[in-house]
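Data first, discussion second: the structure below is written as structure tokens.
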Amino acid sequence: MNEQANCSCPSPAVCFQSVSFAYERETIIDEADFDIAAGESICVIGPNGGGKTTLLKLLLGLLQPNTGSIRIFDKALAQGTTEVGYVPQSLDLDRRFPITAIDIVGMGLLHKNKLWGMRRSEREQAWQALDNLGLAAVGKKPFAHLSGGQKQGVLLARALVGNPRLLVLDEPTTHIDAAAQERLESELKRLRGSLTLITVSHDLHFVARGIGRVICVNRSVRIHPVEALDLELTQRLFGQPVALVKHGEAQATRHAHAHPDAVDREAER
């Protein structure tokens with residue numbers, strides 16, 4: 001069977017085909033079937049416990065689906081990939097742990113160097129990644145001593161230093177102030193189109209800025225153009241009214257899928 005048979009994009013970066021996952025007997029993701037086009041910016045939203053974290057772990061290969069298949073740039077996820085950059089919500093280290101910001105960025109190149117420690121060329125790459133984000137001044141500072149916004153920037157530099165084709169961000173605005181969020185939005189705007197961007201976020205205001213489609217996760221997985229997220233749909237998804245700043249007509253997505261609007265209720269462990 002052709003594993004790409006159900007992918008509607010001609011060159012998808014991500015393709016989920018009938019993917020289901022359960023912890024013991026509790027279904028968390030039920031028959032997820034969607035694709036994300038190369039170069040697309042998309043956001044994952046849904047209520048707490050709805051399955052967003054599980055979907056993310058499946059995408060990153062940290063969990064294996066019970067049924068179905070996942071392909072990243074036309075390769076089975078089981079084969080592994082170095083083309084994905086990941087920015088976690090946070091990385092908490094003991095303030096006495098002496099690892100510096102530049103060391104954290106260098107971890108993004110470990111797949112290229114099996115020996116611990118950066119070669120000179122890799123250290124130069126790490127410094128350049130920090131400088132691109134305006135963070136060269138904190139490179140030699142202990143990572144644990146940085147502000148929330150600086151930590152988020154360092155983790156983004158770590159994800160980008162290996163030149164990924166797919167960038168995944170998990171709740172990137174959770175631990176940062178308004179100024180840091182503005183800098184993050186500016187950097188993501190610069191990156192859009194040069195790579196595929198997937199952002200998991202509770203911040204619907206952040207979602208609505210520069211995102212074409214949203215993946216709504218609440219056990220079932222549905223994709224909608226962002227302008228379709230009206231009060232009725234978000235209330236069904238989150239269980240209560242949620243306000244959303246919507247795109248104008250000029251920003252409407254060109255890749256909308258014709259999925260039904262039904263969203264199931266679910267509680268994730």
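The values are calculated or read from the model by the stated rules, or taken from the named source; none is laboratory data. A quick note: this is a predicted structure, and the numbers were derived from the prediction, not measured. Using ideal geometry, Cβ is built from the backbone for each residue, glycine included, and neighbour counts are taken over all protein chains shown.
Assorted remarks:
- Here the range 210-238 is the region considered, the condition is being of a type in the set (Val, Ile, Thr) and modelled with pLDDT of 80 or more, and the residue that is farthest from residue 33 (Cα to Cα) is 214.
- Test: residue 188 is crowded, with 17+ Cβ neighbours inside 10 Å and at pLDDT 90 or above: no
- For the range 142-182, filtering for residues that are surrounded by fewer than 19 Cβ atoms within 10 Å (Cβ to Cβ) and hydroxyl-bearing (Ser, Thr, Tyr) leaves 2.
- Every condition in (1) touching a Leu at 6+ places or on another chain (Cβ under 8 Å); (2) closer than 22 Å to residue 44 by Cα; (3) part of a loop (DSSP other than H, G, I, E, B) holds for residue 174 except the one numbered (1).
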